[in-house]
Amino acid sequence: IRKVILYLLSDSFSEIILIAGSLMMGLPLPIVATQILWLNLVADGLPNIAMTLEPGEKEVMNDKPRRKDEPILNKEMKILIFAIGIITDLVLLGLFVVLLGMFTDITYIRTIIFVALGVDSLLYVFSIRSLRRSIFNKNLFSNRYLIGAVIISFLAFFLIIYIPWLQPIFQTVSLGLNEWLLIIGLAFIKIVLIEIVKYYFIVKKRKGI
């Protein structure tokens, strides 16, 4: 339950910061309504369902008993949602501002931001599969449903970006290699930040702090 909530809130928080920040700065909307729906239903929806089928972790038996009044959102989750979310989303907002200064095609700019949000959520889902282990110590293929959900979501992104008759519906344009390298690079920055926070809490748990 915690991992699913963490994944959903992180994505929702990203969209709120990006859109609210743009409105407060008097900028155009960074993504449009159809793109938001696509992110929520496809990019977030399929991996979120697959997360419910994540195999149990052996380390759960080593955890101390939880208090009855312990909130679902613990300290680690709050840091991951707010601190990491704010940092990465401000970077994305900064990218939006920079792109507005460099290009006049708002559809091109929105496509980059839209795909960046989607790819970001499709990649960092692997990092929050476990809050007890690093992403590098977790078997990538232990949840084949998640692998399938991410592949389907990526294919869906390619369809609405590169198929001409779908582009007007979702207000997208084709992206080149440079744009994809930028988008994937931003996604890995978020994964690194998540892993740093996770490592801090993993070490604390091992020391019994």
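The values are calculated or read from the model by the stated rules, or taken from the named source; none is laboratory data. Not measured: the values here are computed from a predicted model. No Cβ is skipped: glycine too gets one built from the backbone with ideal geometry, and neighbour counts run over all protein chains shown. Remember, those area values only see protein heavy atoms, side chains included, never the ligands or the DNA or RNA. Shrake-Rupley method; radii C 1.70, N 1.55, O 1.52, S 1.80 Å.
Descriptive notes on the structure:
- What the range 7-57 shows is 45 Å² of accessible area per residue, with the surface traced by a 1.4 Å probe over protein heavy atoms.
- In order along the range 95-105, the Karplus-derived 3J(HN,Hα) couplings, from 6.51 cos²θ - 1.76 cosθ + 1.60 at θ = phi - 60°, round to 4, 4, 5, 4, 5, 5, x, 9, 10, 9, 7 Hz, and Gly and Pro are given as x.
- Carbon/sulfur fraction of accessible area - the chain, other protein chains in place, 1.4 Å, %: 71
- For the chain, the tally of Lys pairs with Cα-Cα distances below 15 Å comes to 16, considering only residues 8 or more apart or on different chains.
- Where LYS68, LYS3 fall by accessible area, highest first, once all protein chains stay in place (1.4 Å): LYS68, LYS3
- For Rg and Dmax of the Cα atoms in Å, calculated from these coordinates, the label among (i) 19.5, 69; (ii) 17.9, 57; (iii) 21.9, 62: (ii)
- Extension gain, ASP69 to ILE151, is 25.6 nm, computed as 0.36 nm per intervening residue step minus the present C-alpha separation.
- In the chain, the calculated helix contribution to ellipticity at 222 nm averages -20500 deg cm²/dmol per residue, counting -39,500 (n - 2.57) for every DSSP H run with n ≥ 4.
- Listed residues ALA149, ALA33, ALA187, most fluctuating in the chain (Gaussian network, C-alpha, under 10 Å): ALA33
- A simple packing score, the average count of other Cβ atoms within 10 Å per residue, orders the peptides 102-108, 45-51 as 45-51, 102-108, with the highest score first.
- Label-zone membership for the range 1-45, site LEU100, 7 angstrom Cα→C-beta point, backbone N under 17 Å: 15-33
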